[in-house]
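One structure is given here, and the rest of the page talks about it.
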């Protein structure tokens, strides 16, 4: 995979202060605006309706396309079904030539960006100018860039840069005053609107039942484009189809709220057939020409893919970009194509190139944030992981990774003995309790980054079967996870202490091994299946009531992935289900069954970091706070408490620059609270944040919640 | 309007006014046509504009814009709008519904006049019947859905004046469309 360019783009984005400043401010303003727009609304109910009607449309894509075309023709429009971008471009060029068009105004069309329509029309249809009329689009058109965001294409630029671009265009010396710059755009584009012979627009929704096109805009350029010129071309992708007029209800409830935090955009236009226009001489044209180009360009292929069909549920609100910690650091241009961010990675695979997308999936942290905000209920991180899997299937894993995954990770004894060897071998490299190199995630043995030392004695040698005083209430299997076993045994010991105090008998099944997530993430699902079976077997033997773990990602894998991974093998599926039903995360387990626990007052000032998979996958965030309060800490919330820390498993090794930039933000938010301790519930986050805090020489202890609980036990 | 109906519209109007003003629209309400005429005459007098364009419609005609032109001395026209709307100071058109929950107006803008006067001028004045206030967007969609066969060719929703946040996400009012939206409810 050619990551050379991607890495270069990432580095230049991270070093662009203008970019990171604009994106940072935007990212911070977006969430409260969105929340306010959804006030009094049931987001879950709305997104259920949105995803339902979009899923229905995807299921019946061809039927709806035909129905739409028939209806639109009945309404008086001309409809062209374009299989490819090439066909769409040729058709639009022909319309332009037929009408002897020289100037075109355009608004609201990502589809035209997707097929590079402007370029084509200038080169092949004798067009002198295709003016983008959306302010952001115009800005980037003038400076020859690509949009960096689906809704706010020039969000990556500052007023100073815009002033420079406009000064050049108008031959004036313009100040970086936003209101004045907007006025310059109004004045310059007004003439273009009045003189254009053809208007090209896109659409947000295409309704099969009535042949209606719905368009949302704020600036009014969409209304001008569809009103003033006597010829109007609408370029719309098949994915915009919905079956019924009433389907626009939920989409309009969600789209502006999720996109820009508005209850509705300033203008929503619903066009059902051509309307009257005035030609350049002032004569009224009773029915102007309206051409609708219904474009496929990879969308049917996407629909026919059982997994990626889901991506057609997207309503293009771009909230997956708005909440993405990676996008906030590097912007849209590193994605290298028209569609950016999470959904962009997926769309690029089908509408542009699978190879490019295979590389882009490396940008995803799997923090799952986009998934919680997506009004189309698309499992974006899941689809991005699938892209990875398919790339690996096609290209194969690099030899070193293949060897480690297949030969080492599936051989527990070898795997564990190698880690033990590392704990001895690392000794010359240990500085304090941090070492430089550790083959822990097996992705890059010598990539430069600080990691914690492997403990001299792993948890499995310190604990075994621990019986509480009195009659045990239940038999609990302890799942340590690699970090919990070999790096942070003290967390496991603390857990044993708390669990015993709760009256639980705790057992450490010795044959437990890696949960398999690194294999899944690297695109080696067969390795993950082997590990799943090993773990299920190891725990089955013990006759347990519960299986508890301190790591949210391990819990996710044990509880949810195994059943899915083994679903085609009936016998193993049944075993996986039985096993999964017993798995529970630590904070939930203690909240549920540890109500009799007595604590002394710790009195420490503590801030809490929500780990991505704990909060968004397991939906656990109230429980740890409740426990911390019981332990008598003074809990102060930090800004962005559920923002990702940038760890993301092997991500921190694969994308160290981005990981570090995201971590920096987390550390700044942590220190701003003046807390003495940062509490969290994920060993991976601990490794990342503690490493960062250590490197910065800050005096804040990073502790797993369980350690504070154990300290506070009476 | 019955007393009972009036009370329910009072509540919807109040909600609409709050929501629309939050979007920088200016909202007025008058009890009858005569007062509508007076209010609009007063507003035009204060706007200091020379040319006003309008889209003929039931409500706009009833307000009697010609008489307003005489009283205020402005040029008032609905002719040759490619030219006239482009340099007029104000455009007047009727919209059909007002959506209380989000402060938006909706209506049939199929006629070229209706569209030209509402998108080319720097100020747009929309007149609307108070009795056509609807509680929310879903009901507005349902209202049009009930008469799907008669769907206007150009159905428009307007909430507040034209706006952008494309530069540094700083909200700026008035881009390609009107920078001011004045809404007059007539009971």
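Condition first: in a loop (DSSP other than H, G, I, E, B), in contact with a strand residue (DSSP E or B) (Cβ under 7 Å, 6 or more places away or on another chain), more than 14 Å from chain A (Cβ to nearest Cβ) and surrounded by fewer than 22 Cβ atoms within 10 Å (Cβ to Cβ). Can you find one or more residues in the stretch B:58-66 that meet it? Checked against the condition, which is being in a loop (DSSP other than H, G, I, E, B), in contact with a strand residue (DSSP E or B) (Cβ under 7 Å, 6 or more places away or on another chain), more than 14 Å from chain A (Cβ to nearest Cβ) and surrounded by fewer than 22 Cβ atoms within 10 Å (Cβ to Cβ), the stretch B:58-66 yields no hits at all. Which ones in the stretch B:133-168 are surrounded by fewer than 20 Cβ atoms within 10 Å (Cβ to Cβ) and part of a helix (DSSP H, G or I)? If the condition is that a residue be surrounded by fewer than 20 Cβ atoms within 10 Å (Cβ to Cβ) and part of a helix (DSSP H, G or I), then B:138, B:139, B:142, B:143, B:145, B:146, B:148, B:149, B:150 are the ones that fit.
Okay, residues lined up against (1) in contact with a strand residue (DSSP E or B) (Cβ under 8 Å, 6 or more places away or on another chain); (2) at pLDDT below 95; (3) buried (at least 19 other Cβ atoms within 10 Å of the Cβ); (4) within 14 Å of chain B (Cβ to nearest Cβ):
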residue: A:86; (1), (2), (3), (4): no, no, no, no
residue: A:90; (1), (2), (3), (4): no, no, no, no
residue: A:130; (1), (2), (3), (4): yes, no, yes, no
residue: A:156; (1), (2), (3), (4): no, yes, yes, yes
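For residue A:340, state whether it is at pLDDT below 95, over 22 Å from residue A:650 (Cα atoms) and under 16 Å from the mean Cα position of the chain (by Cα). It is true that residue A:340 is at pLDDT below 95, over 22 Å from residue A:650 (Cα atoms) and under 16 Å from the mean Cα position of the chain (by Cα). Any residue at all in the stretch A:108-121 that is touching a strand residue (DSSP E or B) at 6+ places or on another chain (Cβ under 6 Å), within 14 Å of chain B (Cβ to nearest Cβ), touching a residue at least 12 places away in the same chain (Cβ under 8 Å) and buried (at least 24 other Cβ atoms within 10 Å of the Cβ)? Yes, the stretch A:108-121 has at least one match.
Within the stretch A:253-281, restricting attention to residues that are over 29 Å from residue B:172 (Cα atoms) and in a strand (DSSP E or B), the residue that is farthest from the other protein chains (Cβ to nearest Cβ) is A:277. Taking the numbered list (1) within 11 Å of the chain's Cα centre (by Cα); (2) more than 8 Å from chain A (Cβ to nearest Cβ); (3) not in a helix (DSSP H, G or I) in turn, residue B:114 passes all entries but (3).
Residues checked against (1) within 21 Å of residue A:129 (Cβ to Cβ); (2) part of a helix (DSSP H, G or I); (3) at pLDDT below 95:
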{"position": "A:146", "(1), (2), (3)": "yes, no, yes"}
{"position": "A:153", "(1), (2), (3)": "yes, no, yes"}
{"position": "A:165", "(1), (2), (3)": "yes, yes, no"}
{"position": "A:187", "(1), (2), (3)": "yes, yes, yes"}
{"position": "A:194", "(1), (2), (3)": "yes, yes, yes"}
{"position": "A:199", "(1), (2), (3)": "yes, no, no"}
{"position": "A:213", "(1), (2), (3)": "no, no, no"}
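Of all residues assigned to the stretch A:233-243, none qualifies as being facing another protein chain (nearest Cβ under 9 Å) and in contact with a strand residue (DSSP E or B) (Cβ under 9 Å, 6 or more places away or on another chain).
Within the stretch A:190-211, if we keep just the residues that are on the phi < 0 side of the Ramachandran plot, in contact with a helix residue (DSSP H, G or I) (Cβ under 7 Å, 6 or more places away or on another chain) and within 10 Å of another protein chain (Cβ to nearest Cβ), the residue that is surrounded by the fewest Cβ atoms within 10 Å (Cβ to Cβ) turns out to be A:194. Restricting the stretch B:9-23 to residues that are at pLDDT 95 or above and buried (at least 16 other Cβ atoms within 10 Å of the Cβ), the residue that is farthest from the other protein chains (Cβ to nearest Cβ) is B:13.
For the stretch B:117-127, enumerate the residues that are in contact with a helix residue (DSSP H, G or I) (Cβ under 6 Å, 6 or more places away or on another chain) and assigned to a strand (DSSP E or B). B:124, B:127, listed by residue number.
For the stretch A:647-660, residues that are under 16 Å from residue A:328 (Cα atoms) and over 17 Å from the mean Cα position of the chain (by Cα) total 3.
Evaluated against (1) more than 7 Å from chain A (Cβ to nearest Cβ); (2) free of Cβ contacts under 8 Å to residues at least 60 places away in the same chain, residue B:127 falls short on exactly one condition, (2). The listed residues are A:532, A:574, and the only one of them that is over 26 Å from the mean Cα position of the chain (by Cα) and either surrounded by fewer than 21 Cβ atoms within 10 Å (Cβ to Cβ) or not in a helix (DSSP H, G or I) (or both) turns out to be A:574. Looking only at the stretch A:457-476, residues that are loosely packed, with under 14 Cβ neighbours inside 10 Å and over 22 Å from residue A:540 (Cα atoms) come to 4 in all. Of the residues examined, residue A:601 is not one that is on the phi > 0 side of the Ramachandran plot and either assigned by the TED database to the domain that holds residue A:647 or surrounded by fewer than 18 Cβ atoms within 10 Å (Cβ to Cβ) (or both).
Comparison of A:315, A:292 shows that the only residue that is more than 8 Å from chain B (Cβ to nearest Cβ), assigned to a loop (DSSP other than H, G, I, E, B) and buried (at least 24 other Cβ atoms within 10 Å of the Cβ) is A:315. Scanning the stretch B:69-104 for residues that are in a strand (DSSP E or B), more than 9 Å from chain A (Cβ to nearest Cβ) and touching a residue at least 40 places away in the same chain (Cβ under 8 Å) returns B:90, B:91, B:92, B:97, B:98. With respect to the conditions (1) more than 9 Å from chain B (Cβ to nearest Cβ); (2) assigned to a loop (DSSP other than H, G, I, E, B); (3) touching a residue at least 60 places away in the same chain (Cβ under 8 Å), residue A:175 falls short on a single one, namely (3).
What about residue B:142, is it more than 10 Å from every other protein chain (Cβ to nearest Cβ) and either on the phi < 0 side of the Ramachandran plot or at pLDDT 95 or above (or both)? No, not satisfied.
Any residue at all in the stretch B:160-174 that is closer than 23 Å to residue A:290 by Cβ and at the interface with chain A (Cβ under 7 Å from one of its Cβ atoms)? The answer is no, given that none of the residues of the stretch B:160-174 is closer than 23 Å to residue A:290 by Cβ and at the interface with chain A (Cβ under 7 Å from one of its Cβ atoms). Residues that are in contact with a helix residue (DSSP H, G or I) (Cβ under 6 Å, 6 or more places away or on another chain), in a helix (DSSP H, G or I) and closer than 14 Å to residue A:221 by Cβ within the stretch A:89-137 comprise just one, A:135.
Just one of the numbered conditions (1) surrounded by fewer than 20 Cβ atoms within 10 Å (Cβ to Cβ); (2) more than 8 Å from chain B (Cβ to nearest Cβ) is not true of residue A:165; which one? Just one mismatch for residue A:165, condition (1). Taking the conditions (1) under 30 Å from residue A:46 (Cβ atoms); (2) at pLDDT below 85; (3) not in a helix (DSSP H, G or I) in turn, residue A:357 satisfies each one other than (3). For the stretch B:138-168, a residue qualifies if it is within 20 Å of residue A:254 (Cα to Cα) and touching a helix residue (DSSP H, G or I) at 6+ places or on another chain (Cβ under 6 Å), and the qualifying residues are B:138, B:141, B:145, B:164.
The values are calculated or read from the model by the stated rules, or taken from the named source; none is laboratory data. What you are looking at is a predicted structure, and each value in this text was computed from that prediction instead of being measured. Glycine also receives a Cβ, built like all others from the backbone with ideal geometry; neighbour counts cover every protein chain displayed.
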